[in-house]
C-alpha cells in the first residue's frame, strides 16, 4: 500500500535532519549545496523535500524517470507542466539531444528562480530548454492565482495543503495563458511527451488545450484526490478518455517493461486513490 504524502514528509524530515547534522559536524554551515548527481549539476536546499530526494538518490520520483527514459526519443518535443525546480526538466533534456526541446512551465516565483539556477548550472542542456513562468489556464481571460503550492519544506512548522502537504508561494511575475495559445505563439508544431503535475489544476490545463487530439502525446501525470477547484479526478480521466487515452500503472523500476500490461479502467483507477496520496500513471493514446 502506498504511503501518504504526510508519511513521506515525516521520513524526509528525519533524513534531512540527519544529513544536515552530519554536514555541520564536518564544518558545512549552509543548507544550500551545489552537487553533481548522475550527470546533472544541481543547486539544492536540503530543507526541501524535492531537493533532498535529488541529493540522496540522484533524482526525484526515480520510478517516473526510469519510465519515461524508455518512451522519449532524441529530437522529441516535451512539455514539463509543473516544472518546479527542474527535477524532471533536466532529466528530460538529457534524453532529447540537441534536436529536441523541452518547454518547462512553472508559475511560482520561488520555484521558477530555482529552475533557472539549475538550468544555468548545466550549459550543455540549457540550449534544449525553454523555461516559462506561466500558469496554464482554461482560458486566456482567466485570472492568475496569486499563490500556488510549490514548496515542500521538511523542517519547521508551516501552513500546508491538507492533502499534498505543499506550502503556497507567490506567482508574482507569472502570466496566465492557455496551452493552445502558447503553442501557437511558440510555433510548436508537434508534442511527443508531456509530464503533467499541477496538484489539482489538471482539468484547467486540459480545458485550455483543445488541440491535444492533434498532437496525441504520451502523458505521465500525477493523480491525487485533491479536487482543487471542485473538479474530481474522474473528470480528468474522462477528458483524456474522450481523446482515446488509456491508463497504465508504472511498474517497479527493475522491470523490463515499465508499464503494466493491461490498461486500468478509469473508474477503478479513481477509486484506488487514497486520501493524502499522489500516484503517477501513464496515459497512452490508443493506436
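Rule-based calculations on the coordinates, nothing more; no lab input. Quick caveat: nothing in here was measured; it's all calculated off a predicted structure. Note that we place each Cβ from the backbone using ideal geometry, even for glycine, and neighbour counts take in every protein chain shown.
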Global size of region 179-239 as Cα Rg and Dmax, reported in angstrom: 12.0, 35
Whole-angstrom gap from region 111-187 to region 13-61, using each part's C-alpha centre: 22 Å
Residue order, fewest to most surrounding Cβ atoms within 10 angstrom, among 139, 29: 29, 139
Compactness of the chain, expressed as Rg and Dmax over alpha-carbon positions, Å: 18.3, 57
Gained length - residue 71 relative to residue 185, 0.36 nm times residue gap less alpha-carbon distance: 38.4 nm
Calculated FRET efficiency for the pair residue 117/residue 267, C-beta based, R₀ 45 Å, to 0.05: 0.60
MRE, 222 nm, helices only [DSSP H, n ≥ 4, -39500 (n - 2.57), over the chain, to nearest 500]: -9000 deg cm²/dmol
Acute angle (nearest 10 degrees) that the helix 109-120 long axis makes with the longest principal axis of the chain, alpha-carbon atoms: 80 degrees
Potential extension, residue 3-residue 147 segment - 0.36 nm per residue separation minus Cα distance: 49.1 nm
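Would you mind ranking 234, 149 by Cβ crowding within 10 Å, fewest neighbours first?
234, 149
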Equivalent ellipsoid, region 105-241 (semi-axes from 5 times Cα gyration tensor eigenvalues, Å): 23, 21, 14
Peptides ranked, highest mean first, by Cβ atoms within 10 Å: ranges 16-28, 84-96: 84-96, 16-28
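Expected output is a single nm value to one decimal: the length gained when fully extending between residue 238 and residue 28, i.e. 0.36 nm times separation in residues minus the C-alpha distance. What is it? Each step should come with its number before you reach the end.
On the way: separation 210, 0.36 × 210 = 75.60 nm, distance 5.05 nm.
Full extension from residue 238 to residue 28 adds 70.5 nm.
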Nitroxide proxy distance, nm - points 7 Å out along Cα→Cβ at residue 210 and residue 17: 5.4 nm
Two-decimal log10 I(q)/I(0) for region 9-118, as the Debye equation yields it once each C-alpha is a single scatterer, q = 0.10, 0.15 Å⁻¹: -0.32, -0.67
Fewest-first sequence of 112, 245 by Cβ atoms within 10 Å of each Cβ: 245, 112
Using alpha-carbon coordinates, inclination of helix 233-242 to the longest axis of the chain, degrees: 40 degrees
FRET efficiency for residue 249 and residue 57, using Cβ-Cβ distance with R0 set to 22 Å, rounded to 0.05: 0.55
The chain: relative contact order as a whole-number percent, Cα under 8 Å and 6+ apart: 17 percent
Amide N of region 32-58 lying under 19 Å from the label point, which is placed 7 angstrom from the Cα of residue 167 along Cα→Cβ: 32-33, 44-55
